[in-house]
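Q: Once you've had a glance at the structure underneath, I'll fire off some questions.
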Amino acid sequence: MLNRRAFLKLSLAAGAGLAALPALAGFASPARERVLTLYNTHTGERVQTTYWADGRYLETEIARMNRLLRDHRSGQVFAIEHKLFDTLHDLQALTGVRTEFHVISGYRSPATNAMLRRQHSGVAKESLHTHGKAIDIRLPGTELRDLQRAALALHAGGVGYYPQSDFIHLDTGRVRVW
């Protein structure tokens, strides 16, 4: 649940655009460091990392997150688009919740995506998960609807809302909602 201050920030962002929140105007926070904590719900692995510092991405730390976000069915690791990490960082800043992101799905190999597509109607044939540009998450301490609204306020890409499965989808594609 968002506290009053976070709710007001979110309302301002949604109503007046990101100009109301200068720290988020470029999607990537101007902070000296960007830190993320991710928990993979399928493997039980956690990564807490400073992935950006002193004006640059730290590739060894990005590699740690790429490994955590691998296709847990095949073990295949893929380079996740850095903008996706920045979107997660900004989403956490906007909600004001500092708990770890629970990751339901990060990278998916084309074979895994095809298998999931055969089993479920909501899996896209050309899913951005297969290109390292999408993630399915929840953020403990934040209501799912509030997390979705915060993600929409960022205008950073696609946002899908899956309340029955208790996650939202984020991607770095064009801005759209479902």
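Please treat every number below as a calculation from the coordinates, not as lab data. Since the structure is predicted, the reported quantities are computational estimates derived from the model, not experimental observations. In this analysis, Cβ positions are derived from the backbone assuming ideal geometry, glycine residues included, and neighbour counts consider all displayed protein chains.
Q: Give me the distance in nm between label points sitting 7 Å out from Cα along the Cα-to-Cβ direction at S121 and W178, one decimal.
A: According to this spin-label approximation, the distance is 1.2 nm.
Q: Would you mind giving the three semi-axes, in whole Å and largest first, of the ellipsoid equivalent to segment 75-178 according to its Cα gyration tensor? Let's see the in-between values first.
A: Numbers: eigenvalues 96, 43, 33 Å².
After diagonalising the Cα gyration tensor, the semi-axes are 22, 15, 13 Å.
Q: Order 167-173, 60-66 from most to least packed using the mean count of other Cβ atoms within 10 Å.
A: On the way: 167-173: 22.6, 60-66: 16.7.
Ranked by mean Cβ neighbours within 10 Å, highest first: 167-173, 60-66.
Q: Also, I was wondering about something else. Compute the normalised compactness of segment 52-99: alpha-carbon radius of gyration over 2.2 N^0.38 Å, N being the residue count.
A: Numbers: Rg = 12.3 Å, N = 48, 2.2 N^0.38 = 9.6 Å.
Taking the Cα Rg and dividing by 2.2 N^0.38 Å, one obtains 1.29.
Q: Using a Förster distance of 22 Å, how high is the FRET efficiency between T41 and A63, based on the Cβ-Cβ distance and rounded to 0.05? Please list the in-between numbers first.
A: Details: r = 21 Å, r/R0 = 0.95.
Efficiency, from the Cβ-Cβ distance: 0.60.
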